[in-house]
Each structure stands twice: as C-alpha cells, then as structure tokens.
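Asker: Below is the structure I would like to discuss, written out as structure tokens.
The values are calculated or read from the model by the stated rules, or taken from the named source; none is laboratory data. Predicted model, so just to flag it, every value in this text is computed and none were measured. Cβ: placed from backbone, ideal geometry, glycine included. Neighbour counts: every protein chain shown. All accessible areas refer to the heavy atoms of the entire protein, side chains included, with ligands and DNA or RNA removed. Shrake-Rupley method; radii C 1.70, N 1.55, O 1.52, S 1.80 Å.
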Amino acid sequence: MTEPTQAAMQPFTVDIDTATGAMPGARNRLVRRASDLKGYYADGAALERLITEGDDPLHYEVFEVPVPEEAGQLMYCISKLQAGRVGDECFMTKGHYHTVESTAEIYICLQGEGYMLMKTRDGQSSCERMAKGRMVYVPPFWAHRSANTSATEPLVSFCVYPGDAGHNYGDIQTQGFPVRVFDRDGRISVEEC
Ligand code: PA5
Ligand code: NI
C-alpha cells in the first residue's frame, strides 16, 4: 500500500551546478560557523581566536530541496565545506550517526578535496580520500565527518540518504573520531588521536 505523500508526488528534475553546488529551489538547511564547532577541534584556543579575532568564519552549509522525511524517500543535499584551518587542523563538519543507524549514505564529491572520516560504535575506523568525481559509500552504522584539505577551495559534495535516517550527533562532541586531519606546514597529515 503506497503512503499518501508518496502517491501525491510527481517525478521531477533538479539542475545542479557541479562547480559551485548551487541547486535552484534549494533551501539552506544548515549554516555552521566556527562558533558552532566549539569542543570539536583539537586546539580549542585556536578556535576561540578564530571566533573573536577572525570574525567567526563560515564553516559549512547544507542546501537541500526537501522531500518528506519518511521511509521510502531519498533525502538529497549539497554539503559545502569551506577551506580553512583551526590551528593546524583542517576545517571539518561535526559528524554524526544517523538516528536510524541501519541507514547508509552516498557522498559524491563534486569539487575540492578532503577526507571522509568514519567510525563505528564497536571501534572500527576508516578514512577515505574525497576528490572530484569520487563517491564515498558510508555503510549503515558508521558515523561520518568530512574534512577539507584544500587551502583555498570549498569541498562540495552531493549526499543521498534514506528519508527517515535523521541525524544523531550523540557522542561525537565528547568522543570525536579516531583520527584528525592536519595541515602541518602545507603537508596534509592524518593523525591518530
Ligand atoms: O547528511 C549528511 O551526512 C550531510 O548532509 C551532513 O549533514 C552535512 O555534511 C553536515 O554535517 P553535520 O550534519 O555532521 O554537521
Ligand atoms: Ni549523514
């Protein structure tokens, strides 16, 4: 039996500017600035300086053309993570589990470069390189965070995940991920915490 909202939907298309991630009709679902990332970076003092002396720079935005948040639907969005450093650490997203942990996600990198950091609750860890044209498959049960390793270019990704997945930031702020991504004098370094 088809759910009412699904039955009412019609097929549609969306034109995506793969260079910038712009999607006509998209709403800005999420805007995070440096001040939203307190507690997430290794160097908290450097983050404070960025907030107070650096004008609290934009970290990342998520743009989406909303679809119903229900099983059977596919949520899709553009994630645009700016280039920058907090101390030596590359700008990154908070990272999250899905509320429905059995749901996966696909990231297709449209522009820029970086890493997808992933972990499971039972101690597994993974770090996959992101580059233009590359897809990262985030399996069910894996928390995920992206980091931008470019010094200048935003990391732009197209993300798709089940409509009922949800976002659970859970233990990420206190536990972090097993690795962090640093820029040590121009050399990108993925380091265990
Ligand atoms: O669903 C996703 O994985 C992305 O759309 C992220 O929400 C986005 O990259 C922002 O990251 P976070 O939700 O961890 O702040
Ligand atoms: Ni996700």
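Asker: Carbon and sulfur atoms: what percent of the 1.4 Å accessible area of region 133-193 do they account for?
Answerer: C and S fraction of accessible area: 49 percent.
Asker: Related question: What relative contact order, as a whole-number percentage, does the chain give when Cα pairs under 8 Å and 6 or more residues apart are counted?
Answerer: 23 percent.
Asker: Report, to one decimal in Å, the Kirkwood hydrodynamic radius for region 68-173 based on all distinct Cα pairs.
Answerer: Hydrodynamic radius (Kirkwood, Cα pairs) of region 68-173 is 13.9 Å.
Asker: Next question, about the same structure. Whenever you get a sec, compute what percent of the accessible area on region 1-93 sits on carbon and sulfur atoms (1.4 Å probe).
Answerer: Ligands and nucleic acids excluded, carbon and sulfur give 52 percent.
Asker: Hey, another quick one. Using only the alpha-carbon atoms, what does region 7-71 span along each of its principal axes? Please give whole angstrom values in decreasing order.
Answerer: 52, 29, 16
Asker: Still on this structure: Using Cα pairs closer than 8 Å and at least 6 residues apart in sequence, work out the relative contact order for region 1-87, in percent.
Answerer: 29
Asker: Order Tyr115, Tyr40 by their accessible area, 1.4 angstrom probe, all chains in place, largest first.
Answerer: In descending accessible area the options line up as Tyr115, Tyr40.
Asker: Take the Cα gyration tensor of the chain, multiply each eigenvalue by 5, square-root it, and list the three semi-axes largest first, rounded to whole angstrom.
Answerer: Ellipsoid semi-axes (Å, largest first): 29, 19, 15.
Asker: To the nearest 0.05, what FRET efficiency results for Asp15 and Lys132 with a Förster distance of 22 Å applied to their C-beta separation?
Answerer: Working from the Cβ atoms, E equals 0.75.
Asker: Could you bin all the Cα-Cα distances of region 90-129 into 10 Å bins starting at 0 and give me the percent of pairs in each, rounded to whole numbers?
Answerer: 21, 58, 21, 1
Asker: Another question, then. Can you give the accessible area per residue of the chain, in Å², using a 1.4 Å probe?
Answerer: That works out to 50 Å² for each residue.
Asker: Treating cross-link reach as a plain straight distance, find the aspartates and glutamates whose alpha-carbon is under 15 Å from the alpha-carbon of Lys132, omitting any fewer than eight places away in the same chain.
Answerer: Qualifying aspartates and glutamates at Cα under 15 Å: Asp17, Glu113, Glu153.
Asker: Any chance you could get the radius of gyration and Dmax over the Cα atoms of region 72-114, in Å?
Answerer: Over region 72-114's Cα set, Rg and Dmax evaluate to 13.4, 42 Å.
Asker: Let me cross-check Arg85: its accessible surface, 1.4 Å probe, with only protein heavy atoms counted, in Å² to the nearest 10?
Answerer: 60
Asker: Shifting gears a bit: Restricting things to Cα coordinates, could you compute the convex hull volume per residue of region 117-193 in Å³?
Answerer: Expressed per residue, the convex hull around the Cα atoms of region 117-193 is 116 Å³.
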